[in-house]
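Here it is, the structure, as structure tokens.
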Amino acid sequence: MAAKKDEFSVKQISPKLGGERGARNPYGPTSSYDLVEQMDFLYVEVIQASNEGALGCDPIVEITLGNYKSSTKDLPIGPLNTDWNQVFAFDKTKGDVLSVTLKDRTTNTVVAKRNFKLAADIPTRVPPDARIAPQWYTMQNTETGHHMKLLMSVWFGTQVDEVYPEAWFSDASEVSPSCVINTRPKVYLAPRLCYVRVTIVSGHDLIPTDRKRTPSVYVTATLDKVALKTGVSSGTNPSWNQDLIFVASEPLEGTVHIRLIDRVDDQHEECIGSLKKKLSEMTPLKLPSSAPALFYDIEPPVKVEPAGDSRRFASRLKMKLATDQAYHVADECIQYASDYRAFAKGLWPCLLGKLEIGILGATGLKGRDEKKQGIDSYVVAKYGNKWVRTRTVVDSVSPKWNEQYSWDVYDKCTVLTLGVYDNRQITWNSKANDVPIGKVRIPLNRVQYDWLYAYSCPILYLGATGLKKMGEIQLTVRCVCVAQDYARWTAPFRWMLPKAHYKSPLSMYQIDKLRAQAVEINCANLAKMEPPLRNEVVSDMLKPKTNTRHSRCEKQKLAALCLFEIFICCTSLVVGLAIYVAVAWITLLGIWGFYKFMIRTYNKLWHGIETPPPPLIVNDVKLWKLDSPNLDELDEEFDSFPTSVSDVNVIRMRYDRLKMVGEKLMTLLGNIASQGERLYALLMFCGDPLALMYFFGLVVALIWYYIPMFVWAFPLIGYWLNFACLRNDLPAAPNNLFRRLPTNEDMFC
């Protein structure tokens, strides 16, 4: 049992980062690639060949090092000289002699050949040194006397070289040339997203096709492939007052198509007008406000000009058109959010730090398809709108990437998501989707500033057969603070979301629908890049958590809380406050009871008014919801055990209903556990929570002792009366700090 528990745990590792050979300083950087292990490559840049000495030859270049072989056979060539401009990368430990051979493409015979000794003939380049200048090498064949010139350069380098992202690695030599681009590392910047709000207020002078009939009209608005519509309103001057909200990506160059549909009957509808508005023509809202309501002329489906009259009558539509740039468009689940910034850059908070991630490698990878022998794995990391993708290591269960990336951090209460995938796009004309292996999430509120973390994290996959370990991924993490002291210490107390989310909040239903739109737009935008980040990968990275799966751990989360320790830490503060509040409450109850007794006595003696007792309630029908009973629930209640119902659909419906009730109950239990985890994290914040609670308890006790009780009544009365000067719908600073404390609800994908 202990071995199985250790199998799913995070292990600390000690890699030789930055090519070091001795002890490492864990606090400071050493180079631009100091979070990964140095990987030495033999780079061969083949530029072009001149066939002056071998007329009529159609040459190709074949490069051999040990058992690895790469060739320009399938690369396109120029009309005069053979132009390749391709960089090949080899593991320099796989051989001692580099052989460069020129062959005839048609006959596959050797034209010329040249060997390079790795120990003596090849220089070493260490950036930021300039690139090795290419030179013409004379290639000769001693048997035939043919000679050719080859423009190339050879050097030893690391993954820091600028040719690393474009190189053709020896382990991918069997990959089709048209698919090599799908194996290269890339950085993707997804366009930022913005809400587009189309508020349909009312219509004026709407004319149906049949003038004798009162129109029943609804409005549809379409942006790209998303179409939304209002409810149906009757009359020539109908009113809707409905918001239709879309998601658009920058640059805001789309067009909203608005159509008025007249519902003739249940089966027939017809368009009575249309309108087009570009997003660039809408009002940009960078503050929580509303756009002005304007009248827009509607184009009829068929233009009819009255005879002898140059004036044209047009129906009008009153609308509010705006791009809500003060909101943050969520494309991730709130528990795994990596960004909270608004669309407008002027509303962004100050930069807090830099997040640096070193993706070292993986061990023991297992594919979802057990029939597939090798795994062509790569890693995708997502934080904010920046996506990164490592190179694909072909046919290896223990790949080594050693690639380092960085992100800007504006809020530490965010999560970095890394996903490992099996590349299925390395063969020509492949129609298979990339298969996810597993994901790892790193909550930044658990990462200390200026501290280096080096861990081996298990890649877990939860399926119908249970929890399965798909391997381990080695990561190094560091978050460097670049903000000033004031910004650093006040950041936990600021609003987590932009101000517009509190002034004009969206419903959870709207957020879910808009999040689905945002995911589709991200998939479409990232698919346009070269090489594309595939839709199944983007959807998997942005996939929300499953409530059914997570509800099973809520009870364990609540049981894992150190309730006794929390109780002991809070006793010194709570007991003193409880005693004083109890005394004050009893006093106020006595005063209120004496006041009611005097009023009742006065009414009875002087006015003869007897206060009637409260009504006697024998059966509260509304409480038990018997005034409008659900017949199916009553049938289920009076059903025998085991059930006597034979209809499978009825049993399935009752099971789904019970499952939904249980899911809501477990979600509520999980929220309670999360609040307890935040409270425990607050108590553990200063290292010695008991001394901290005693200190605060002493301070509060002294304040309550020296300030009379009637003084505390004034702020309580002011809060109860809710004066205008005291009203504020924005969350307070302590609430913002408490919401940012770490919990365990984001620990599993």
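Throughout, read-outs are computed from the coordinates displayed, never taken from laboratory work. Here the structure is a predicted model, which is why all the values come from computation and not from measurement. Glycine also receives a Cβ, built like all others from the backbone with ideal geometry; neighbour counts cover every protein chain displayed.
Once you place label points 7 Å from the Cα toward the Cβ at Ala227 and Ile672, how far apart are they in nm?
4.8
A further question follows. Can you give the local net charge around Leu193? Use residues other than it whose beta-carbon is closer than 12 angstrom to its beta-carbon, Lys and Arg +1, Asp and Glu -1. Spell out each step's value before the answer.
On the way: positive: Arg192, Arg341, Arg515; negative: Glu250, Asp324, Asp331, Glu332, Asp339, Glu520.
Charge balance near Leu193 sits at -3.
Using the per-residue mean of other Cβ atoms lying within 10 Å as a proxy for protection, in what order, highest first, do the peptides 461-471, 521-531 fall?
Values: 461-471: 12.8, 521-531: 15.9.
Sorting 461-471, 521-531 by mean packing, highest first, produces 521-531, 461-471.
If Lys and Arg each add +1 and Asp and Glu each add -1, what is the summed charge of the other residues whose beta carbon sits under 14 Å from the beta carbon of Thr283? Walk me through the numbers before you get to the answer.
Numbers: positive: Arg197, Lys277, Lys278, Lys286, Lys320; negative: Glu281, Asp324.
Around Thr283, the surrounding residues sum to +3.
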